[in-house]
1. Of the residues in the range 209-239, how many are surrounded by 20 or more Cβ atoms within 10 Å (Cβ to Cβ) and in a strand (DSSP E or B)?
2. Looking at the range 8-46 only, could you name the residues that are touching a residue at least 60 places away in the same chain (Cβ under 8 Å), of a type in the set (Gly, Ala, Ser) and surrounded by 14 or more Cβ atoms within 10 Å (Cβ to Cβ)?
3. Looking at ILE5 and the list (1) open to solvent by 10 Å² or more (accessible area, probe 1.4 Å); (2) within 17 Å of LEU115 (Cβ to Cβ), which single condition is not satisfied?
4. Would you point out the residue of the range 289-321, among those that are surrounded by 18 or more Cβ atoms within 10 Å (Cβ to Cβ) and acidic (Asp, Glu), that is nearest to ALA25 (Cα to Cα)?
5. Answer yes or no as to whether ARG202 is of a type in the set (Lys, Arg), outside any strand (DSSP E or B) and either surrounded by 22 or more Cβ atoms within 10 Å (Cβ to Cβ) or at negative phi (or both).
6. Would you call PRO284 in contact (Cβ under 8 Å) with a residue 24 or more places away in the chain, open to solvent by 80 Å² or more (accessible area, probe 1.4 Å) and in a loop (DSSP other than H, G, I, E, B)?
7. Scan LEU174, LEU142, LEU188 and give me the residue that is in contact with a strand residue (DSSP E or B) (Cβ under 7 Å, 6 or more places away or on another chain) and either closer than 17 Å to LEU203 by Cα or among the small types (Gly, Ala, Ser) (or both).
8. Report those helices (runs of 4 or more DSSP H) wholly inside the range 67-137 carrying at least 3 residues which are among the acidic types (Asp, Glu) and surrounded by fewer than 20 Cβ atoms within 10 Å (Cβ to Cβ).
Amino acid sequence: MNFAIVGCGHIAKKHADAIQAAEGATLFAVCDTVSEKMEPFVIDYGVEAFDDFSKLLANDNVDVINICTPSGFHGDLAVQAAAAGKHIVVEKPIALTLEDSQRIIDACKENNVKLSVVHPNRFRPVMMEIKELMNQGKIGKLSHANATVRWNRNQAYYDQAPWRGTKSLDGGVLMNQAIHNLDLILWLMGDVEEVYSMSATRLRDIEAEDVSTGVIRFKNGSLGIIEAATTIYPKNLEETISLFGETGSVKIGGTTATLFEHLTIEDLNDEESNTLIEKVKADPFGKPGHQWIIEDMVKAIEEDREPVVTGEDGKKALALVLALYDSAETNTPVKVLD
């Protein structure tokens, strides 16, 4: 299966490496309007380079398009790719508006192509273990959850490109960093009904927010707390997901939420809990999440099924971010749109 990457910025190399490592996938081409950005990929991966997206789409050798451009461009590029009959892997967020996300989903359905959104943290070993425990009902009736992202993105990070931190092309800490955690919360806890949020731009010279706090009510009645910031001095401190239920309490932590920091479940004795904790600790990252996404896309095409992370999943995470933004702007509770 031949893949082509559109947008040769920072995240593109992660996609290139994932495609090269994935079973059944080959990196065929890259595309960017700036030729210099493509040169390292041509040299390192021996791929073709296109500075015209329409010419790339016209190439019959290309099966899948990986969209790695600034987020504000995702909508138009994905719709064009779908119309050309190309399957699509789009970096998070799926888009910056619900209208664009729905355009992408509709275009893929109309043209019978597969769509996957890059939310790779679901494939971390610790997340797959806790998801399985929850599927088995081990946590019981849910009480509440907490998602925390306490990271550092200094001014130099935002100054790398003029689109970083803008509302029209990028977004702030919720849209750019914490959207992974929001996807995980939705995946683990279920759909959200209502949010109330506050945000601010405190330390970085950007248009969007660098710190956000919010509370959420899930449709199943459980509650949640979201805290996200890129203002932590002097480096990343932690990324945690905590889940509390009638028969279990779990805290997943570390700087990138890869380890069990606490695991107490009624149906697991101490030995069983420790075995699970040590299993994850022995291989906390497992197969890279981007590689999971690529291999799943190959299988989805071969088996004619939906990818594991669908366009609808991407839209739900986006809808939650936008509801938090809306609440912070209006200083009122906001219902999350389906």
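The values are calculated or read from the model by the stated rules, or taken from the named source; none is laboratory data. Being a predicted model, the structure only gives us computed values, none of them experimental. Counting neighbours? That spans all protein chains shown, and the Cβs are built from the backbone with ideal geometry, glycine included. Keep in mind that these areas ignore ligands, DNA and RNA; they rest on the heavy atoms of the full protein, side chains included. Shrake-Rupley method; radii C 1.70, N 1.55, O 1.52, S 1.80 Å.
1. Adding up the residues that qualify gives 10.
2. GLY9, ALA18, ALA21, ALA22, ALA25
3. Going through (1) open to solvent by 10 Å² or more (accessible area, probe 1.4 Å); (2) within 17 Å of LEU115 (Cβ to Cβ) one by one, ILE5 breaks only (1).
4. The extreme case among them is GLU295.
5. Taking the combined requirement at face value, the residue satisfies it.
6. For PRO284, the condition - in contact (Cβ under 8 Å) with a residue 24 or more places away in the chain, open to solvent by 80 Å² or more (accessible area, probe 1.4 Å) and in a loop (DSSP other than H, G, I, E, B) - is not met.
7. Testing whether each residue is in contact with a strand residue (DSSP E or B) (Cβ under 7 Å, 6 or more places away or on another chain) and either closer than 17 Å to LEU203 by Cα or among the small types (Gly, Ala, Ser) (or both) leaves just LEU174.
8. In the range 67-137, 98-110 are the helices (runs of 4 or more DSSP H) which contain 3 or more residues that are among the acidic types (Asp, Glu) and surrounded by fewer than 20 Cβ atoms within 10 Å (Cβ to Cβ).
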